[in-house]
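The values are calculated or read from the model by the stated rules, or taken from the named source; none is laboratory data. Owing to the predicted nature of the structure, the values given are computational and were not obtained by experimental measurement. Here the Cβ is made from the backbone with ideal geometry for all residues, glycine too, and neighbour counts use every protein chain on show. In case anyone asks, the SASA skips ligands and DNA or RNA and just uses the protein heavy atoms, side chains included. Shrake-Rupley method; radii C 1.70, N 1.55, O 1.52, S 1.80 Å.
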Amino acid sequence: MMPLTSTHFRAAVLATVLGLALSLVVPAIGLVSFSPEVEAARSWNYFDSVLPLRGVVVWHSLWGTVALAGLVGSFFFWGPARWLLAASLLLSVAAQPFLGLVVYSSFEASFAAISGMLMLWIVTVSFWSPLASRFVEGAVRAP
């Protein structure tokens, strides 16, 4: 078995950021075209949500900020970064029932699932691996 290095960890962080960008930004700016059926289904997003639409936008902005700060901090082994990532994962699961109906295309769902699994792996490694000591030290240093 190959030992886990900071290079592997940082590659996972970069892959997670790329996956999130692909799942969130690419469809939003229109680089992915959807069939008319998918467009019609997407118009039902957040139907029957407990939060008003403005609250949903604020929630997603807050989650994205916390997740991105956690990922960037994890790249540099910043101490609180792993806690930010763990909180973003737990809060995203806890908030899901309050968002109502959410429709994703297969493109968005695939990259979001990959990013979510990588984020969980990053949190697990940052707490329970030999690399966890780098987060405790709080040192920002080169690989």
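Work out from phi, with θ = phi - 60° and the Karplus expression 6.51 cos²θ - 1.76 cosθ + 1.60, the ³J(HN,Hα) of each residue of region 15-22, listed in order in whole Hz, and give x for Gly and Pro.
5, 5, 4, 4, x, 5, 4, 5
Run through region 22-108 and list the chymotrypsin sites (Phe, Trp or Tyr not before Pro) located in a DSSP loop whose Cβ has at most 12 other Cβ atoms within 10 Å.
W44
For the chain, give the magnitude of the charge dipole about the Cα centre (Cβ charges: +1 Lys/Arg, -1 Asp/Glu; no others), in debye to the nearest 20.
With only Lys, Arg, Asp and Glu charged at Cβ, the dipole is about 460 debye.
On the accessible surface of region 27-92, probed at 1.4 Å, how many percent belong to carbon and sulfur atoms? Walk me through the numbers before you get to the answer.
Values: 3030 of 4150 Å².
On region 27-92, the fraction of accessible area on carbon and sulfur atoms equals 73 percent.
By what distance, in whole Å, do the Cα atoms of the chain stretch along each of the three principal axes, largest value first?
Extents along the principal axes, in whole Å: 49, 29, 25.
With n ≥ 4 as the cut-off for DSSP H runs, can you work out [θ] at 222 nm for the chain, using -39500 (n - 2.57) per run divided by the number of residues, rounded to the nearest 500?
Working: 6 runs with 97 residues, N = 143.
Computed mean residue ellipticity for the chain: -22500 deg cm²/dmol.
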